[in-house]
Structures are given as C-alpha cells and as structure tokens.
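Here's the structure, in structure tokens; my notes come after.
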Amino acid sequence: MSESNPAPTRSSYRVVLLGDQGVGKSSISLRFLRDEFHEHNAPTIGAAYLTQTLKVGDKTVKLDLWDTAGQERFASLAPMYYRTAQGAIVVYDVCSKASFVRARDWVKELKTQAPAGTIVMLCGNKIDIPDGREVSIEDGVQMARDKGLIFAEVSAKSGQGVKSIFQAIAEKIVAKDSHSANSAPPQDKGIRLSSNEKASSGCRCSSQQTA
Amino acid sequence: MANDIDELEINPFYKALQSRYVDLYEKAQKNCHLLCIPQTTSISTHIINTDFVDTHVLRPSPYFKDQYMTTHSSNCKTLTLSDNGLYFTTSQGFSDIRDVKILGEELAYNKEYKQYKIIILEEPFDSKFKIQTPQSKEDANTHMLTSKLTVKECTDFLQSFPDFKEILHTLNQKIQNFINHYMVLENYLDDAASRLQDICTQTTVEITKYLKAPLNSNIKLRDVLAEAVESYVMNAVHDKVFAVISSHLSKQDQTLLTKYQHINKVRPDQIGVRREFSCPLPMAVVELANLSSLRTPREKLVCLKSTVDNITEGVAVSLQELTQNSEPDASVAGNPEICITSDDLIPILVTVIAKAKCSHLNSDLFYVDHFMWTSADRDRDDLGFCLVTFKAAVQYMVETDFTSMATCLDKELMTNLEDMLTATTLLEAQVTQESVEKSNTKSMRDRRERQLNRITGFLEKTVQELKTNRNGNEKPKHLQSIFPDLVTPHSSATSVSNQSSQRSSANLGDFLSALQDDEFDQPFGKQT
C-alpha cells in the first residue's frame, strides 16, 4: 500500500468521481453497474466503492469507481482519493449553476494537484429534467475545450450516455497506459511477469465528446 | 442424520439401487445386508454396475466379528470394520488395502420390519471406482492459491513446503539480524521499510526458485507466497517497528484520543450522518476495537475492511427495520435508490472510530501504508479504498473542532455498553442458529468466539473508563443500580476479566441483559 508504488496492475484502473453533493455521482456509477449486469448484482447499499469490468478493444479492463465526498466540509479530503487514480470524472448538475462553478474549481484543483497524466472528464448529469436546465451544453463543451477534457452529458435516471462515459474514459486511460508502458521502463521490480499485459488497443475517443 | 437423508435422496448409487438394480436391492433388504453408499461427490453414474453394487452391499462374515464380505456370487472380497466403527479397511480381493471413512449411518426396516443399516462412505471401497476428476486436486490448488491472512496460516503455509526449509532458516537469521542490530529511527522509518521490503523480496525470489513446474509459472501462487513471507516477517519485527512508529506519531495519536471524547458527545447528525443511517453499529465498533491487537499490516488492513463491511451491513439491517416499521409514504420506505456514498461513509466511520477508541489509529494507518508491499492493489482494491476512507476520516477528525458541537449528555460510555449488549445478542443469535443448522461449524464458531472475546475485552476497558470517569464526581448510587457487581473498587475489572474465553455467550448475555432495563440515553437513531 506504499505510495511509492501506487499503480495497480495494468488491467485494473481507478476512477474517482468528484462533484458537489447531490449532483448524482453515485447514481451515475450505480446506473453503470446495474445496467450492465442486473442479474448478477444484488441491490447494494454501499455505493462508495464500486467495480465494473468492460471491454476496451480486445482487452477486458476492470474499473474501480471511487466515490468521493462532495460536501464542503470534506473538501480537503479529496486529494487522498484522486492521488492514486488514473482517471477522474468531475460531475455537475445541469440544473445547478452553482454545481457547474464548483466543477470548474475541481478541474482547476485536479490540474494542479493530481498526478500528471490523470485523465479528467467533465460530465453534466440530470439532462432528463426538461425545464430545469441552468447550464447549457455549450457551456460544458466550452469548459471542456478550454481545459482539454473529455466531455459528456448524461442522465443517471434514464441511463442515457452513462455507459459511454465510462467506455470513453477507460479507452483513454488504456491508450495512455499502453503508450507509457511501451516507452517507460517497467516499474515493477522483482518477480512479476507483465509482458503479456501490454496489449495495444485503439483509442476511438476524441478529446471532446458530446452525448 | 438430516444430512444423510438429503445425501440419499440425491445419491446416484442409491437411486440406481431403487431402479436399475431393484432386484439386488430387495435381496439385500430381505437379508438385512449392510448397504454402503459412497457419497455423491465421490462417484459418477456411469461407474455404477453390478460389480459396484456387489462391492457395496456387505454381509457379515460368518467367521469373524467385525469382518464383512461383499455379495459377489463368486470371489467375494473381505473388509474389516475398525474397532471404533469409524472406517472400513479393505483386505482380501481388493486392488489395494485402504481405509474408507464412514460419514454416517441410517437404520431402515424391510418388509418384515427387520432392521438393516445404510452407511454413507466417504468414497467407494475400491479405488478402481473412484472418479478421476481433478476435484481433490482442484481443492488443493484452491487452498494453495488462497491468500493467507493470519500469522499462523502464513507460517503453516510456508512450512508446508519441505523445500523452503533452508530459505526459512536464512530468513529467520535475517530477521534476527534486523531485530538485534538494526536501529529503527523515527525519522528514518522509510529506511526500515525498504530494508524489510528487501528481505521480503529476496526471500520470495529465492522461494519461487524452489517451486516446481507448473507451480513456478503461477503468478497467483507467487503473490500468495509473497504475502505470506511479508506477514511472516512483519509479525516477527512488529514489536520493534511499531514501538518506533507509535512514538513517532504519539502526538497525533494523543490528539485523536481527545477528539474521541468530544465526538462521543456530539449527535451523529451534527457530524453529517444522515438520519436514516443513524443507528448503533456495535459489530463495527467491536471489529475496529480489535485493530491494535493485530500484528501484521495485512491483518490490520483486513480489519479496516471488515469494519466498513460491518457498517454497511448494520446500516442495511437498520434501514430494513425502519422500512418495515414506518408508514408506507415515509421518505425512507421502499426507496431503492437509498445508498451509502462517501459523504455518508466518512461521518459514520468517524462515530465508529470514536466509539472503538483505537489508541494508535494514526500509527496503525501509517504502519499499513508503509509496511505492506506485495500485490497490495491486486484484486483487492476495496482494501485500498477502505484505507483511504479511514485516512480521510482521521484527517477530518483532526481538522474539525467538535467541542463547539458538543451537546449530548455525558452518557456515551453507557451507550457503548448498550451497543455491546446488542452485539452480544446478535452473536448469540448467530451462534444458536449455527448450532441448529450445523453449518460450517469450526471456522465460523471460532470467529464468533473471537468476537465475543473482543467484546469482553472491550467491556473491560469501557467499565474501567467508566469507573475512572465517575469516581468521585458522580452519584455512586446510580451506578450501583446499574452495575450491582461492578462498582466496588476491586470487582469491576476483575469480574469482567474473569470471563475467560471459555465463558459462554449466554452468561455474557445475562450480565449485559441486566443493563437492559436501565434508562440510557440513546443518541443514535431515534432522537428527533
């Protein structure tokens, strides 16, 4: 568990979800989980840590989804969660301007504090609410373009777009990982064999995606 | 013999006797022969033939007591029942001489109301009938590839490989060398960690050289071995290393200890625990209170995970009860989307930590964080998440001023005792249920036993504290009414500590149930 060696095995990746309380972080990951394998997953009450496998190219990867506390009083704790993550999804509520402003702060914080190379995604939730929108899709696209993030809008309630955000971030992480695995010397010393884990995979996602 | 009846219902040989070989079956019944039924998992349908039937229907030898003969029409074979009646030994006529264990026995009656016996065997008498699936091999492999947790399991596992003897000897020397000659310094704990890591890595590399094909290419086995080596080493050096860590972090640990007192006076909702999740979590508290008694980082980490699991379980149960008791239109009832997020988990954890009163939590987390190296992230990321959540909860506790929130009456120790009562009752219920179901006995019982012991230890500590707290400034009479046997100077600690590990859970329950009628404050759950 030493922090000097935080990288998990290369087929398992950590993705943290950041955002204000109430924007639906855990609903998004729960939706992702339930849509994929209803029959295997007994309804769970614990939503702070979830795990799901998905296919990226010909490779099966495991995503560990870490929910973070969104309340202001826990704001200082977030770095502990994203410090060892390969990806971060910053979630805001399209019906709450305040949550969008907060999302901007999260993105800024990640850019300065998270390890270089963390894939960051911006995600607007609750697009199923017809009249409540306070943040336009253009605002979201604009912020994503400015900061160089993947962007998507989803509805955790209807499930719209949920799977594709995880697919997109997984592809981006895998692509980055295979790239760095090919160029950098292997970190693991000792006995671990990992030569077969460098399976290459195409990355189909662009830096900006709209739902 | 409920299990045996079930076994007979599904047993392919017993079924075959009632269908294909019904004539032989009836003959056996008529003559009151002994029916020996190898258990279902040891046989397959296609090996059952007349030879199989004849081999497993036995008649007593007319010559020797405890000797039986198969019912072959010619060349019958002989077996001997052991004196204690626990197994048969094959002899004359069998392809090899072996002991076959008896798993159970049934009495049955034939048409003339005469008794005959049906015996369940572990496996067929003749090894030629044994199924050749790699079942047992698989079991051995599964065992080999399962992570070992406790120090004893790790040590036994390493010692189970005869080839490792020499390496373990060298390892012991290295450990002894570290203990005798290496000075662990507070500001150079990283150096101590890297030295110990080197010892573990080297040993693991050496050990894997001795593995024979195909085991040597099994990455999972290497991980299990590496973990076992690590636990073996860390157990040996724990006292030396942990003393320095806890001295290094004594200030932080002390700060936390004072925080616990403040937090225990605060209502859970003030820390941010949602009303519907606000419930006593005695099992989680007891689990976590055990943290300091564990010696290896891995055991400690698993303890953190169990605490989180117990929280989730406890909250789920309490929610279920809430749903059942509440009005149909109540907000909680029937809401499938209700779930514990990190915003919920951290404050709940804070209340559990404060109640468990871990005296060296900072040191424990540091120890887990810095002295665990092997495959820490592999397939066990939930462990990683639990560690981070604990660290987050501790940081939150350190950063937050709870004194301004303090509103609860000073009855937290009583509440702890009440929680223990709940824990004991829960455990008792589980133990009783288990003994009824005869399920999964030993390991489960051991675990329950351990948990009961932990409660005893925890109670001891709490009662001590209660005594110290109340001495002089509180009404002793009130205490006497609650703890008739525990308030006089010498009785409190001793009477609890006398509850040896053998003490039955029922007794502990009685002791605690005396507390039930007293008016405790209940800062969890039901307050408005």
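Of note:
- Identity of the residue in region A:58-82, part of a helix (DSSP H, G or I), at the interface with chain B (Cβ under 7 Å from one of its Cβ atoms) and hydrophobic (A, V, I, L, M, F, W, C), that ends up farthest from B:M397 (Cα to Cα): A:M80
- B:L211 being free of Cβ contacts under 8 Å to residues at least 60 places away in the same chain and either more than 14 Å from chain A (Cβ to nearest Cβ) or part of a loop (DSSP other than H, G, I, E, B) (or both): yes
- One residue alone among B:K240, B:K209 is surrounded by fewer than 20 Cβ atoms within 10 Å (Cβ to Cβ) and either more than 22 Å from B:K148 (Cα to Cα) or of a type in the set (G, A, S) (or both), and that residue is B:K240.
- The one condition from (1) at the interface with chain B (Cβ under 10 Å from one of its Cβ atoms); (2) part of a helix (DSSP H, G or I); (3) modelled with pLDDT under 85 that A:D35 does not meet is (1).
- Residue within region A:126-137 that is within 14 Å of chain B (Cβ to nearest Cβ), touching a strand residue (DSSP E or B) at 6+ places or on another chain (Cβ under 6 Å) and either in contact (Cβ under 8 Å) with a residue 60 or more places away in the chain or buried (at least 22 other Cβ atoms within 10 Å of the Cβ) (or both) present: yes
- Extreme residue, surrounded by the most Cβ atoms within 10 Å (Cβ to Cβ), among residues of region A:83-103 that are of a type in the set (S, T, Y) and part of a loop (DSSP other than H, G, I, E, B): A:T84
- Single condition A:A78 does not satisfy, out of (1) surrounded by fewer than 15 Cβ atoms within 10 Å (Cβ to Cβ); (2) within 15 Å of the chain's Cα centre (by Cα); (3) touching a residue at least 60 places away in the same chain (Cβ under 8 Å): (1)
- Residues that are closer than 30 Å to B:K15 by Cβ and of a type in the set (S, T, N, Q) number at least 2 in the following helices (runs of 4 or more DSSP H) confined to region B:102-193: B:135-144.
- Residue check for B:L221: farther than 28 Å from B:L349 by Cβ, aliphatic (A, V, I, L, M) and part of a loop (DSSP other than H, G, I, E, B): no
- Test: residue in region B:56-67 that is touching a Lys or Arg at 6+ places or on another chain (Cβ under 6 Å) and of a type outside the set (F, W, Y): no
- Picking from residues in region B:268-301 that are part of a helix (DSSP H, G or I) and small (G, A, S), the one that is farthest from B:G457 (Cα to Cα) is B:A284.
The values are calculated or read from the model by the stated rules, or taken from the named source; none is laboratory data. These numbers come from a predicted model, not from an experiment. Backbone-built Cβ (ideal geometry, glycine too); neighbour counts: all protein chains shown.
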